[in-house]
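The values are calculated or read from the model by the stated rules, or taken from the named source; none is laboratory data. The structure presented is a predicted model; accordingly, all values stated were derived computationally and were not measured. Virtual Cβ from ideal backbone geometry, glycine too; neighbours counted across all protein chains shown.
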Amino acid sequence: MLKEPYALFDTRITARHFISPTLLRITLSGPDLALVGTTGLDQRIKLLFVRDDAHADAILARNAPWRELYSSLPEDEKPVARTYTFAELRPAQCEVDIDVVIHDGHAHGPGSAFALEAPYGSRVIMSGPRGDVPGHDKLGIAWYPDYDILQNVLLVGDETALPAIRGILKQLPEQVSGRAVIEVPYPEDIDEEMTAPDGVEVVWCVRDAGQTAFAQLPFPVTEEDKKAFYAGDEDEMLWQEEAEPGQWLGWVAGETQWVAKIRSAARRAGIAKRQASFMGYWRKGARHP
C-alpha cells in the first residue's frame, strides 16, 4: 500500500442492521482498517463495488493512488463507486460503520443493493483516509472551521447527510450556537440520541408529515428559489461549494435540486459564497446511492 493520504482498504461486509426505516448500517472489517484516519466530521470516502475476489485482487495489485488507479482502468474493469461518510470508526477493532439510505425498503442502486443483499464476507474496496500519513485529515472535508473564531452555525441536510451532521455536531465546541435542520422521510428516522452543544438547536422535519426544512431556515425560500436548478453531471458526488472559516458558517448537503433551492435562497438573503458550503450528495430519479 502506497503512503498516500487516501488509500485503498481491502474490506469485507461483516454485519448489517437498520437503525431506522431509512438507514441501514453496515459494518466493514479488514486488517487494513487499523490504519484508517479518525477525523470524522463530513469526510467523504468511496466504496468500490468489485465483481469478485479476482477483480478486487487485480485492482489492489496495481498499488497506485486511487484516483490515478481508477482513471487508468479500462471501462469494463472499473468497479462502480459511491460516496459515503463514516458513521462510526473503530480502528482498534479494524472496523468501520457506514449508513446507507434505503428508500421504501428496496435497493435502488449499487450501494443499497450491496448493503441489503451482499452475503457476509463479500469484499468491497474502500478509498479513505490513512491515519498515519500527513494530510489525511484535510481531504474530502467541506466542514473546515476555525473553532477559535466560530460563533454560530447553520447545518441543513436530508437523510443522506445525517452521518455527516452527526459527526460535525459531535465536535462542535460548547460555546458555539446555531441550528441544525434535518429533513427525514419518517418520524422513526429521528435520532433521539443525537448530541449537540446546548446552544445549537436540532430541528427535525418529517417529510411524511408534510414538514420541510425550507420552513425552518433563517431566510425565506421563495417560489423563485424553488425553481432553482443545478445542471450538474451524473457522478455520485454531483457538486460542491466549500466555505472559508469565519464567525458564522453554513453547511448544506442532500438531494441536489433541494440543495440548489436552499443555495438560491441563501444568496438572495445576502449570504456570501465564502460563508456556506453546499453539497449535492445525490439526485432524485437517478440510481443512487
Number of the exception - Ala92 against (1) surrounded by fewer than 18 Cβ atoms within 10 Å (Cβ to Cβ); (2) touching a helix residue (DSSP H, G or I) at 6+ places or on another chain (Cβ under 7 Å); (3) small (Gly, Ala, Ser): (2)
Output for the stretch 98-132, where each listed residue is under 20 Å from Glu159 (Cβ atoms), charged (D, E, K, R) and surrounded by fewer than 17 Cβ atoms within 10 Å (Cβ to Cβ): Asp104
Meets criteria (in the same structural domain as Leu69 (by TED's automatic domain parsing), in contact with a helix residue (DSSP H, G or I) (Cβ under 7 Å, 6 or more places away or on another chain) and farther than 24 Å from Ile19 by Cβ) for Ile125: yes
Cβ-Cβ under 6 Å pairs, at least 6 apart or on other chains, the stretch 199-218 side of a type outside the set (A, V, I, L, M, F, W, C), far side part of a loop (DSSP other than H, G, I, E, B) and surrounded by 13 or more Cβ atoms within 10 Å (Cβ to Cβ): Arg207/Pro185; Asp208/Pro185; Asp208/Tyr186
Any hit, the stretch 41-51, residues being under 13 Å from Ser127 (Cβ atoms) and more than 20 Å from the chain's Cα centre (by Cα): yes
Tabulated pairs, the stretch 74-91, first assigned by TED's automatic domain parsing to the domain that holds Ile59, second surrounded by fewer than 16 Cβ atoms within 10 Å (Cβ to Cβ), C-beta under 7 angstrom, 6+ apart or interchain: Leu89/Thr38; Pro91/Ala34; Pro91/Thr38
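Got at least one residue in the stretch 11-24 being of a type in the set (S, T, N, Q), more than 24 Å from Ile168 (Cα to Cα) and in contact with a helix residue (DSSP H, G or I) (Cβ under 8 Å, 6 or more places away or on another chain)? Spell out how you get there, then give the answer.
First, the residues of the stretch 11-24 that are of a type in the set (S, T, N, Q): 11, 14, 20, 22.
Subsequent filtering for residues that are more than 24 Å from Ile168 (Cα to Cα) retains 11, 14.
Right, trim to in contact with a helix residue (DSSP H, G or I) (Cβ under 8 Å, 6 or more places away or on another chain) and you get 11.
The answer is yes; a qualifying residue exists.
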Among residues of the stretch 99-123, those that are closer than 18 Å to Val184 by Cβ, out of contact with any Leu (no Cβ under 6 Å at 6 or more places or on another chain) and of a type outside the set (S, T, N, Q), counted: 6
Entirely in the stretch 1-63, the strands (runs of 3 or more DSSP E) that have 1 or more residues that are surrounded by 21 or more Cβ atoms within 10 Å (Cβ to Cβ) and modelled with pLDDT under 95: 6-18, 44-49
